[in-house]
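Asks: Please read through the structure below; I'll follow up with questions.
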Amino acid sequence: MNLNIKLVLVASLTGVLTYGITSQFQSASVTNMGSHAEKNEPLYWVAPMDANYRRDKPGLSPMGMELVPFYADGASGSDSGLGTIKVSPYVVNNLGVRTGEAKTKQLHLEIKTVGYVKYDEDKLIHIHPRVEGWVEKLYIKALGDPVIKNEPIYSLYSPELVNAQEELLLAMGRKNTRLIRAAENRLAALQLPKSAITNIKKNQKVSQTIIFYAPQSGVVENLNIREGFFVKPGTKIMSIGALDEVWVEAEVFERQASQVKKGTAVTMTLDYLPGREWVGKVDYIYPTLDEKTRTVKVRLRFNNQDMMLKPNMFAQVVIHVKGSEALLIPTEALIRTGNQDRVVLALGEGQFKSVAVKVGRFDDKSVEVISGLIEGDKIVTSAQFLLDSESSKSSDFKRMYHNEQPSSVWVEASINSLMANHNMINVDHHAISDWDWPKMTMDFMVSPLVDFSSLAVDMMLHIEITKDEDGSFEITSVHIPELMTTKNNVMGAEEKIQVMPNSNVHNGH
């Protein structure tokens, strides 16, 4: 019985709390930027395209657009506030809402990947004989044996080498300098060591077996012969790799490849030696993409004087990409959906709005914002998903202020009248979506770069409208189609307008 009572009490309390928060959001959802017009009197009316043009009553702006009311809480009657919700401080506190700020900072990029230690192939030597013969003695016994430069590695009996030595002795017996030099060059071409040639000339005796020596220090990476093997030109006897430097081959994803440059600093750790870190650099970026893994292979170079790095070891690699300053927000503030990235703006006084953003690179704590925010914007970093679920129901996902707009646009227009004395024209132009302008009739100043004499009443053309720093608008260029349509007639090719040279008037072709 007591258990049933407890369950009923818990369910009741949960329902009350849920209703309170939900009703708070439901009432907040309708408390958007437009609803203030019903509760408060506007402070003034402002032109949508010019915040400096204000009036104390409704009317039209100089561009012919209706003025927008502005209220005491900073809200206007335009639909730029769609989706703005207002939440009481009590609910904000209960939800644990925390905010951060969009700041321009250094982006610390790190690409974490794995790789495998390999021989430095620039110092990997493959040994092949240049004559046929039999391996008499092999001084290297097993794969991985250390080798020191100029120490013997194998001896070879070759009838061809015996004959070449006899030719040298014969030339020496004839004391023919030219033949002696030719015989020495032949022995050198057959890779006979200089010390062996010197001994032949000194002792005047042919050596049946010739000892060959290691060309560099390292370890035996490959061994394909044993004593008694018959070898011939092209046979790979062995390979010797130096380990004073090693390569590490790693892979990075396609989206990260553009960030990696030759010479980029790299750090590496290995499980077999915890706590030790190796410092190296990117030595080479391979030119092709693996079609199966969609990764790009990069080659890293590390010093290995103590020989602790061994080929085929598994390594964890961090590539320290050179960062740059960017507009950053905390990673936890970003809401990623299937077709949109957005954040929740904290507008102050309990108001929040979801806005769409375009993001770029990430590091461990921050994400780069390419568009949608400006420096100093307050964004929600905790409980933003609940706020977003309410705001996104009616939000236009556009910023309320500081919209980034192009400084100039092209639009189709027709000329109503010319005011040559003022270098001004009156036009009907189509809607301009980039500036949120509707189809309007407006007066524009014409830039001196445009040939005013080429313009005519009723002319259909394309005009470039440029916004100056003082907020005024000017026609800086026009494009007149080759077959020019007017309101009343169509001008044929014989009636084309002549364009003055060096003017910003373009005839279509």
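Asks: Restricting the search to the stretch 429-463, which residues are in contact (Cβ under 8 Å) with a residue 60 or more places away in the chain and either more than 42 Å from the chain's Cα centre (by Cα) or under 17 Å from ILE480 (Cα atoms) (or both)?
Replies: THR441, MET442
Asks: Return the pair list, or none, for Cβ contacts closer than 7 Å from residues in the stretch 77-91 that are among the polar types (S, T, N, Q) to residues that are outside any loop (DSSP other than H, G, I, E, B) and modelled with pLDDT under 55, at least 6 apart or on different chains.
Replies: Pairs that qualify, where the first residue is among the polar types (S, T, N, Q) and the partner is outside any loop (DSSP other than H, G, I, E, B) and modelled with pLDDT under 55, are SER88/GLN24.
Asks: Any chance the stretch 317-329 includes a residue that's within 30 Å of PRO146 (Cβ to Cβ) and not charged (D, E, K, R)?
Replies: The answer is yes, given that some residue of the stretch 317-329 is within 30 Å of PRO146 (Cβ to Cβ) and not charged (D, E, K, R).
Asks: Report yes if some residue within the stretch 266-285 is aromatic (Phe, Trp, Tyr), surrounded by 13 or more Cβ atoms within 10 Å (Cβ to Cβ), under 47 Å from the mean Cα position of the chain (by Cα) and closer than 17 Å to GLY115 by Cα; otherwise report no.
Replies: yes
Asks: Those residues that are in contact with a strand residue (DSSP E or B) (Cβ under 6 Å, 6 or more places away or on another chain) and either part of a strand (DSSP E or B) or more than 14 Å from ILE225 (Cα to Cα) (or both), I need them from the stretch 125-139; list them, please.
Replies: Within the stretch 125-139, ILE125, HIS126, ILE127, GLY133, TRP134, VAL135, GLU136, LYS137, LEU138 meet the criteria.
Asks: Moving to a separate point now. In the stretch 202-215, how many are in contact with a helix residue (DSSP H, G or I) (Cβ under 7 Å, 6 or more places away or on another chain) and either crowded, with 16+ Cβ neighbours inside 10 Å or of a type in the set (D, E, K, R) (or both)?
Replies: 2
Asks: Kindly indicate whether any position in the stretch 461-482 is modelled with pLDDT of 80 or more, among the acidic types (Asp, Glu) and over 28 Å from GLU66 (Cβ atoms).
Replies: No, every residue in the stretch 461-482 fails to be modelled with pLDDT of 80 or more, among the acidic types (Asp, Glu) and over 28 Å from GLU66 (Cβ atoms).
Asks: For GLU221, state whether it is of a type in the set (Asp, Glu), exposed (fewer than 14 other Cβ atoms within 10 Å of the Cβ) and over 19 Å from MET172 (Cβ atoms).
Replies: No.
Asks: Now for a separate question. Quick check on the stretch 140-156. Is at least one of its residues assigned to a loop (DSSP other than H, G, I, E, B), among the basic types (Lys, Arg) and under 21 Å from LYS232 (Cα atoms)?
Replies: Yes, the stretch 140-156 has at least one match.
Asks: Is at least one residue of the stretch 289-299 out of contact with any helix residue (DSSP H, G or I) (no Cβ under 8 Å at 6 or more places or on another chain), surrounded by fewer than 17 Cβ atoms within 10 Å (Cβ to Cβ) and not in a loop (DSSP other than H, G, I, E, B)?
Replies: For the stretch 289-299, residues out of contact with any helix residue (DSSP H, G or I) (no Cβ under 8 Å at 6 or more places or on another chain), surrounded by fewer than 17 Cβ atoms within 10 Å (Cβ to Cβ) and not in a loop (DSSP other than H, G, I, E, B): absent.
Asks: Please specify each residue of the stretch 321-339 satisfying the condition of being touching a residue at least 60 places away in the same chain (Cβ under 8 Å), part of a strand (DSSP E or B) and exposed (fewer than 14 other Cβ atoms within 10 Å of the Cβ).
Replies: GLU325, the sole residue that qualifies.
Asks: For residues in the stretch 269-303 being within 23 Å of ARG361 (Cβ to Cβ) and of a type in the set (A, V, I, L, M, F, W, C), which is modelled with the lowest pLDDT?
Replies: LEU289
Asks: Return yes when MET424 is in contact with a His (Cβ under 8 Å, 6 or more places away or on another chain) and in contact (Cβ under 8 Å) with a residue 12 or more places away in the chain and no when it is not.
Replies: So MET424 does not fit the description; no.
Asks: Provide a single number: the residues in the stretch 155-213 that are of a type in the set (S, T, N, Q) and in contact (Cβ under 8 Å) with a residue 24 or more places away in the chain.
Replies: Residues meeting the conditions: 8.
Asks: Are any of the residues in the stretch 254-268 modelled with pLDDT of 95 or more and of a type outside the set (Val, Ile, Thr)?
Replies: yes
Asks: Separate question: Look at the stretch 224-243 and say how many of its residues are assigned to a strand (DSSP E or B) and either surrounded by 16 or more Cβ atoms within 10 Å (Cβ to Cβ) or not assigned by TED's automatic domain parsing to the domain that holds ALA164 (or both).
Replies: Initially, the stretch 224-243 is screened for residues assigned to a strand (DSSP E or B), giving 230-231, 238-241.
Imposing the further condition that a residue be either surrounded by 16 or more Cβ atoms within 10 Å (Cβ to Cβ) or not assigned by TED's automatic domain parsing to the domain that holds ALA164 (or both) reduces the set to 231, 238-241.
Residues that pass the stated criteria total 5.
Asks: Follow-up question, since we're still on this one. I'm trying to understand the selection: among the residues of the stretch 116-160, which are over 30 Å from LYS297 (Cα atoms) and in contact with a Gly (Cβ under 7 Å, 6 or more places away or on another chain)?
Replies: Within the stretch 116-160, HIS128, TRP134, VAL135, VAL147, LEU156, TYR157, SER158 qualify.
Asks: Just one of (1) within 30 Å of ASN312 (Cβ to Cβ); (2) in a helix (DSSP H, G or I) trips up LEU170, so point out which.
Replies: With respect to (1) within 30 Å of ASN312 (Cβ to Cβ); (2) in a helix (DSSP H, G or I), LEU170 is out only on (1).
Asks: Taking the stretch 89-129 as the search range and keeping residues that are small (Gly, Ala, Ser) and buried (at least 19 other Cβ atoms within 10 Å of the Cβ), which one is nearest to LYS236 (Cα to Cα)?
Replies: The extreme case among them is GLY115.
The values are calculated or read from the model by the stated rules, or taken from the named source; none is laboratory data. Predicted, not measured: the structure shown is a model, and the values here were computed from it. As a convention, Cβ positions derive from the backbone with ideal geometry for all residues, glycine included, and neighbour counts pool all protein chains shown.
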